[in-house]
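Have a look at the structure below before the remarks.
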Amino acid sequence: MKNLPLLKPADWVFGIVFCLLVSVPSLPAAMLSPLAEKPDWSILAGYGGSITAPEFEQLLQRVYVPDGSWREWISITSSQAVITPYPGASPVFLPIARKESEAKVSPKYWKARKERSPLPGKPLNGLRIAIDPGHLGGSFAQMEARWFRIGNSRPVEEGEMTLIVAKLLKQRLESMGAEVWLTRSKNGATTSLRPAKLMTAALGSLHEEGVAPTQKRLASEAERLFYRVGEIRNRAGLVNRVIRPDLVVCLHFNAEEWGDPKHPTLTDKNHLHLLVCGAMSGTELLHEDERYTMLLKLLGGTHAEELGVSEAVARSLARATGLPPFTYHGANALAASSNPYLWVRNLMANRLYECPVVYCEPYVMNSRAVFKRVQLGDYPGFRNVGGARLPSIYREYADAVAQGLADYYGGTAH
Ligand SMILES: [Zn+2]
């Protein structure tokens, strides 16, 4: 007897979600980005009098929203900023400091470099650092498209690689006096969300993008909401509510397009850059939560600190790796300073972490040079790699970040 065709679980979910689509009204004017909580705008009152009008305007225009679309939501006079939380809402009035010398201190959980006192031989004494090893790795590495393998070679897996660097970096920072936490200490997710729980949210985000919710598209959007959005939101909760560090160090490895992960394209391109928070577009700013988190980041005074510490780490990484700077050509990023390695970009991690963030993007994983070094794994000392005497790529990365932080906080930078 022939079996009757049965619906797979995914078909059931698709059916339920498709029915929901029909009943979902068009999105309200007060839009939230996927999985965001509605902001509590009353918190902004604590930042009253903490910034002058010229500084506020310069940070908005030069760093955070360079296309000028912030003007649709914020107007600044010499005595106050008038902020519209969402269309139709009562405005929030934020008093403005008349002079820099009269500006109040912003409420913040982190300490800036100038508020610290390093000890001789312990340049990071008392500094609280959260290391954020980028991505999930392990059984999710293929889902998050951070995995490739050539034949029977050792797989190149970004989430596993960032975790190796994170553990090495933790030891180095602790030996210089820092208190260090990892946002994850093993491969896998920190969030309890999973794609199957995110079908309705996936439908909403496809709807906002104007993308037809085919079964395949819906499944991949639910996965993206899990491994990127839900995961980073969970880590942000850990950083802002539990660890409350002075600095987050986000560790990543970069890549060029590799195509089929089982037959990847290798390249000779290899480069380095670091990212600081900003460069939001008018479209991103349509999300109420993105406007709010941008303002928290700006009013918290993170930019100057983020730029200073990123400069120091960029210099150290460039010296250690010899890599050239990566250059963005699109509108999604802008040069952060005269340092060619530093770029401003709106990423969930550097926006949602309320303290300063050093966001590292060294090495192209599918470059021939890096692929060769990844195959060697981690090792102490030096090895001959194609005629050059090199440390393990993981130790080179960890040592250079540690040195950059020591230079900045220990007072030898600038
Ligand atoms: Zn990455």
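The values are calculated or read from the model by the stated rules, or taken from the named source; none is laboratory data. Owing to the predicted nature of the structure, the values given are computational and were not obtained by experimental measurement. Ideal geometry is used to build each Cβ from the backbone, glycine not excepted, and the neighbour counts take in all protein chains shown. In case anyone asks, the SASA skips ligands and DNA or RNA and just uses the protein heavy atoms, side chains included. Shrake-Rupley method; radii C 1.70, N 1.55, O 1.52, S 1.80 Å.
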Tell me which of these S153 doesn't satisfy, since it passes every other one: (1) more than 24 Å from G237 (Cα to Cα); (2) buried (at least 16 other Cβ atoms within 10 Å of the Cβ); (3) away from the ligand (no atom under 16 Å from the Cβ).
(2)
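I'd like the residue in region 106-136 that is in a strand (DSSP E or B) and without any contact (Cβ under 8 Å) to a residue 60 or more places away in the chain and, out of all such residues, is surrounded by the most Cβ atoms within 10 Å (Cβ to Cβ). Outline the logic, then answer.
Taking region 106-136 first, the residues in a strand (DSSP E or B) are 119, 122, 128-133.
If we keep only those that are without any contact (Cβ under 8 Å) to a residue 60 or more places away in the chain too, we end up with 119, 122.
Values: L119: 12, K122: 15.
The qualifying residue surrounded by the most Cβ atoms within 10 Å (Cβ to Cβ) is K122.
Looking at E223, E160, which is the one that is within 15 Å of the ligand (Cβ to nearest atom) and charged (D, E, K, R)? Write out each step before concluding.
Values: E223 fails: within 15 Å of the ligand (Cβ to nearest atom).
Unique residue meeting the criteria: E160.
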Matching option when the condition is within 15 Å of L169 (Cα to Cα) and either in contact with a strand residue (DSSP E or B) (Cβ under 9 Å, 6 or more places away or on another chain) or charged (D, E, K, R) (or both), among S367, S392:
S392
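To keep it simple, each residue is scored yes or no on (1) open to solvent by less than 40 Å² (accessible area, probe 1.4 Å); (2) free of Cβ contacts under 8 Å to residues at least 60 places away in the same chain.
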site	(1), (2)
Y328	yes, yes
V344	yes, no
L352	yes, no
V364	yes, no
A369	no, no
F382	no, yes
G387	no, yes
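I'd like to know if region 391-405 contains one or more residues that are part of a loop (DSSP other than H, G, I, E, B), out of contact with any helix residue (DSSP H, G or I) (no Cβ under 6 Å at 6 or more places or on another chain), more than 19 Å from S153 (Cβ to Cβ) and at pLDDT 95 or above. Break it down into steps so the answer makes sense when it comes.
At the first step, the residues of region 391-405 found to be part of a loop (DSSP other than H, G, I, E, B) are 391-392.
Next cut, out of contact with any helix residue (DSSP H, G or I) (no Cβ under 6 Å at 6 or more places or on another chain) only: 391-392.
Pick out the ones that are also more than 19 Å from S153 (Cβ to Cβ) and you get 391.
With at pLDDT 95 or above added as a condition, the list becomes 391.
Yes, because at least one residue in region 391-405 is part of a loop (DSSP other than H, G, I, E, B), out of contact with any helix residue (DSSP H, G or I) (no Cβ under 6 Å at 6 or more places or on another chain), more than 19 Å from S153 (Cβ to Cβ) and at pLDDT 95 or above.
Among the residues in region 125-134, are any over 30 Å from Q171 (Cα atoms), more than 16 Å from the ligand (Cβ to nearest atom) and of a type in the set (G, A, S)?
To start, the set of residues in region 125-134 that are over 30 Å from Q171 (Cα atoms) comprises none.
No, region 125-134 has no match at all.
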Picking from A166, A103, which residue would you name as being within 16 Å of the ligand (Cβ to nearest atom), modelled with pLDDT of 95 or more and open to solvent by less than 40 Å² (accessible area, probe 1.4 Å)?
A166
Among the numbered criteria (1) open to solvent by less than 20 Å² (accessible area, probe 1.4 Å); (2) away from the ligand (no atom under 12 Å from the Cβ), which one does R172 miss?
(1)
Here's a check for you: in region 226-278, which residue that is of a type in the set (S, T, N, Q) and within 16 Å of the ligand (Cβ to nearest atom) is farthest from E144 (Cα to Cα)?
N270
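For region 205-225, enumerate the residues that are without any contact (Cβ under 8 Å) to a residue 40 or more places away in the chain and either polar (S, T, N, Q) or under 21 Å from G137 (Cβ atoms) (or both).
Of region 205-225, the ones without any contact (Cβ under 8 Å) to a residue 40 or more places away in the chain are 206, 209-212, 214, 216-217, 220-222, 224.
Within region 205-225, T214, S220, A222, R224 meet the criteria.
Yes or no: region 300-308 includes at least one residue that is at pLDDT below 95, within 23 Å of I232 (Cα to Cα), outside any strand (DSSP E or B) and touching a strand residue (DSSP E or B) at 6+ places or on another chain (Cβ under 8 Å).
For region 300-308, residues at pLDDT below 95, within 23 Å of I232 (Cα to Cα), outside any strand (DSSP E or B) and touching a strand residue (DSSP E or B) at 6+ places or on another chain (Cβ under 8 Å): absent.
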On the given criteria, is R244 in contact (Cβ under 8 Å) with a residue 40 or more places away in the chain, open to solvent by 20 Å² or more (accessible area, probe 1.4 Å) and out of contact with any His (no Cβ under 9 Å at 6 or more places or on another chain)?
yes
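When the residues of region 137-150 are narrowed to those that are open to solvent by 10 Å² or more (accessible area, probe 1.4 Å) and either away from the ligand (no atom under 11 Å from the Cβ) or of a type in the set (S, T, Y) (or both), which ends up nearest to A222 (Cα to Cα)?
Within region 137-150, the first condition is being open to solvent by 10 Å² or more (accessible area, probe 1.4 Å), and the residues that meet it are 138-140, 142-143, 145-147, 149-150.
From the residues that got through so far, the ones that are either away from the ligand (no atom under 11 Å from the Cβ) or of a type in the set (S, T, Y) (or both) too are 138-140, 142-143, 147, 149-150.
Numbers: G138: 19, S139: 17, F140: 14, Q142: 15, M143: 11, W147: 19, R149: 25, I150: 28 Å.
The qualifying residue nearest to A222 (Cα to Cα) is M143.
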